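Any read-out appearing in this document is the output of simple, stated calculations on the displayed coordinates, not a laboratory observation. Only a predicted model underlies this, so the values are computations on that prediction, with no experimental measurement involved. Here Cβ is always computed from backbone atoms with ideal geometry, including for glycine, and neighbour counts include all displayed protein chains.
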Amino acid sequence: MAVPVGLNIFSGLVGHTMPYLDATAAPFESLWFPDHVQYANRPVAEGWSLFVYALSRYPDKLCGHQVLCNSFRNPAHLAKMTATCQILSGGRVVLGIGAGWNEEEYLSYGWPFPRPRVRIEQLAEAIQICRGMWHEAPFTFHGKHYTVEQAYCEPKPHPIPPVMVGGAGERYTLRVVAQHADWWNYIYQTPEEYAQKQAILQQHCAEVGRDYDEIIQVLASQILIAETEAEVARLQSQPDVRPVTANGFAGTPDQITERLLAGIRQGARRVNVSFADSPRTDGTLLFIERVLPHLTD
């Protein structure tokens, strides 16, 4: 039943990121970073910069992005960036990637914002380009959205980084997971919703001839945790505590433990958690003391 548990970081922490991680990261197996550039005028840290800094600062941790926005980077260049970090880190990189969604940052930074189907097609091609460049030299790819001509990615990454696809769109995104992902990053809230998405992924896997069981399922949840339900309710009213209604859940240590164990019993093989009260360390330390042992022992 034991699974690796990673710590996911909120993009708005910016300069508080590393002090928070210095105080909390040690018990976690891996560290996971965001990839955003803008939410109106709120502070936002750039995701690749956070990731590279953390690879160096925490040399015992596997590191990746919860979901890189494919649209922000040329996929051939991303393959090279990932390969370089894999070599420098001694093999501690996971390429976590998705199709992107936040129209505001696309338009403000001058990136085209095509419809979702196109962004998902681009994601699928980008993964093929990364994998091709990590295995072949020179590599050529002529796709619907991207072209690569006689490209070299030397030295090649070793080991080849796992590709983790984030998202749960039933028609297209889960199809990309079935076709191209080593790991599937799913925003987990309830066992019932998770079971529904698993059934659809199984169907896609059957249609494309993929072994469903070889895809490592990663549960990602933002958590608000406190000793009592009354304290949870009090925290939910605080302006500096982020809501968890769309990407996680709140509860006492026993309630959080049972919710996560339910997902593990359903087939999750990794768990990534973020904390709604960070950069305060109260919730994170309570999770480390009261929940983490039940997941990792």
Within segment 145-184, what residues put their amide N at less than 19 Å from the label point 7 Å along the Cα-to-Cβ vector of Arg115?
-> 145-146, 169-176
State the extension gain, in nm to one decimal, for the chain segment bounded by Ala246 and Gln203, taking 0.36 nm per residue of separation less the distance between their alpha-carbons.
-> 12.9 nm
Measure off 7 Å from each Cα along the Cα-to-Cβ vector at Asn74 and Leu107, then give the distance between these two points in nanometres to one decimal.
-> 2.8
Which value in deg cm²/dmol, rounded to the nearest 500, describes the helix-derived mean residue ellipticity at 222 nm for the chain, given -39,500 (n - 2.57) per DSSP H run of n ≥ 4 and division by the residue count?
-> -12500 deg cm²/dmol
Share antiparallel - DSSP beta bridges, the chain, percent rounded to 5 = 10
Pair Glu193, Glu229: separation of 7 Å Cα→Cβ label points (nm) = 2.1
Within a Gaussian network of the chain (alpha carbon springs, distance under 10 Å), most fluctuating of Phe141, Phe33, Phe249 = Phe141
Obtain the nm distance between the two label points defined at Ser49 and Thr140 by a simple spin-label model: each point lies 7 Å from its Cα along the Cα-to-C-beta direction.
-> 3.9
Using a Gaussian network model of the chain whose springs link C-alpha atoms within less than 10 Å, name the residue from Phe139, Phe275, Phe51 with the highest mean-square fluctuation.
-> Phe139
Arrange the following residues from fewest to most other Cβ atoms within 10 Å of their Cβ: Ile120, Ile87, Ile187, Ile256.
-> Ile87, Ile187, Ile120, Ile256
